[in-house]
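A quick write-up on the structure given underneath.
Laboratory data are not the source of any read-out in this text; all were calculated from the coordinates shown. In this text the structure is predicted, and so the values were computed from the model without any measurement. Don't worry about glycine lacking a Cβ; one is built from the backbone with ideal geometry, like all the others, and counts go over all protein chains shown.
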Amino acid sequence: MDSNLLFLLAIIFVAVTFDYINGFHDTANAIATVVSTRVLSPLAAVAMAAFFNFIGAFTGTQVAKTVGADIVDPSNSNQTIVICSLLAAIIWNLITWWLGLPSSSSHALIGGLIGAGISGNGFRLDVIKGDGVLKVLIGLIGSPIFGFLIGYVVMVLLNWLLIKATPHFVNTWFRRLQLFSAAFMAFSHGGNDAQKTMGIITLAILTYEGRPGSTFQVPIWVILLAASAMAAGTASGGWRIIRTMGSKIVDLKPVNGFAAETSAATVIETASRLGFPVSTTHVISTAIVGVGASHRLSAVRWSTVGNIVKAWVFTIPVCIMLGIVIESVFSFFF
């Protein structure tokens, strides 16, 4: 077995590790609300999320193309850049997981890819594709805004429609409806997030085969591998972040959880179809804030929101620096 093939296998292993960590890091995106409202037990919620993550990963490859071909020019990429971008994202994911902060795995990977791409090409900025970065920035800025606005509007509409309903009626029905909204959220999470790993593995394969400029098409085995790793990571759970998302932002009832999950999943699904690599963490967090703010602004624990926003703001810059440092060290020794 030649060294290049061994390196490719190492990249695939690291990519699968990233996907697994992404799964348990972002488990809270799909199930924090359904757990905090006690609609499902934590174990049942995690099992449901893992299943729908797996199914959702088969729904498209538009986001995979954005990550694998539209951020760093594939003709200026190599396997060292790919593995260093993954390592940068993994390190940041583990740090934020340990701190219990719901940061974005997606933007961690993209930041690492930009940093490693710049470092691996003699610090040339022209290897970064402006259109792809613009698409990332639109998703970064736009999706949380839409998450907040749609969450706010949906909750206002539900309050208006249910104004004469008894609390018992509302809780009984929305405990059932929240099963569907949580499944929808898990499905959309798998559809957007697993594609990032598909994109990075496909990029590694193209560079290994010496045809980085070829048509970007994700092999079916890569889709299956990414879907399985995402589902396995989700099944392991991310309890620190579940506590933050489910109880430290706003007190949730089943109707609130339904509104937040349905709003966030709709935004994420739309982004996936358009090829925007968005953060499911950003979207569900702002949807929860929007739902809470529809009652009164004081219902939201803004100190927790502030800590989350700090993690968002620092994710891409920190991961760019991590990508640069890791690629520089890697190139020096290898």
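The lysine pair tally for the range 3-333, using Cα distances under 30 Å and a gap of 8 or more places or different chains, is 14. In percent, rounded to a whole number, the relative contact order of the chain is 39, using alpha-carbon pairs under 8 Å and six or more apart. Nearest 10 degrees is fine. How inclined is helix 27-36 to the longest principal axis of the chain, computing both from alpha carbons? For 27-36 against the chain, the angle is about 10 degrees. Give the distance, in whole Å, between the Cα centre of the range 38-62 and the Cα centre of the range 1-20. With the range 38-62 and the range 1-20 each reduced to a Cα centre, they are spaced 26 Å. Rg and Dmax of the chain, both derived from C-alpha coordinates alone, stand at 19.6, 71 Å. Loop-located trypsin sites (Lys or Arg not before Pro) in the range 132-199 (DSSP state other than H, G, I, E, B) with a sparse environment of at most 16 neighbouring Cβ atoms within 10 Å: 164.
Packing order of peptides 185-191, 54-60, highest average first: 185-191, 54-60 (average count of other Cβ atoms within 10 Å over each peptide's residues).
Computed from backbone phi, the HN-Hα couplings of the range 125-141 come to 7, 6, 7, 8, 8, x, 4, x, 5, 4, 4, 5, 5, 4, x, 4, 8 Hz, rounded to whole numbers (Karplus: 6.51 cos²θ - 1.76 cosθ + 1.60, θ = phi - 60°; Gly and Pro given as x). Taking θ as phi - 60° and the Karplus parameters 6.51, -1.76 and 1.60, the scalar couplings of the range 273-290 work out to 5, 8, x, 8, x, 9, 9, 4, 5, 4, 5, 5, 5, 6, 5, 4, 4, x Hz in sequence order, x denoting glycine and proline.
With respect to the chain, whose longest principal axis is taken over its alpha-carbon atoms, helix 3-25 is tilted by about 10°. Less than 5 angstrom separates the built amide H of residue 72 from those of 129, all sequence-distant by 5 or more or on a different chain.
Pop the C-beta distance of residue 123 and residue 176 into the FRET formula with R0 = 51 Å and round what comes out to the nearest 0.05. Write out the running numbers ahead of the final one.
Working: r = 56 Å, r/R0 = 1.10.
The pair residue 123/residue 176 has a calculated efficiency of 0.35.
From Cα pairs below 8 angstrom and at least 6 apart in sequence, can you work out the relative contact order of the range 79-132, rounded to a whole percent?
Relative CO of the range 79-132 lands at 40 percent.
Could you work out [θ]222 nm for the chain from helices alone, using -39500 (n - 2.57) per DSSP H run of at least four and dividing by all its residues? Round to the nearest 500 deg cm²/dmol. The partial results should precede the final answer.
On the way: 13 runs with 255 residues, N = 334.
Helices in the chain give a 222 nm mean residue ellipticity of -26000 deg cm²/dmol.
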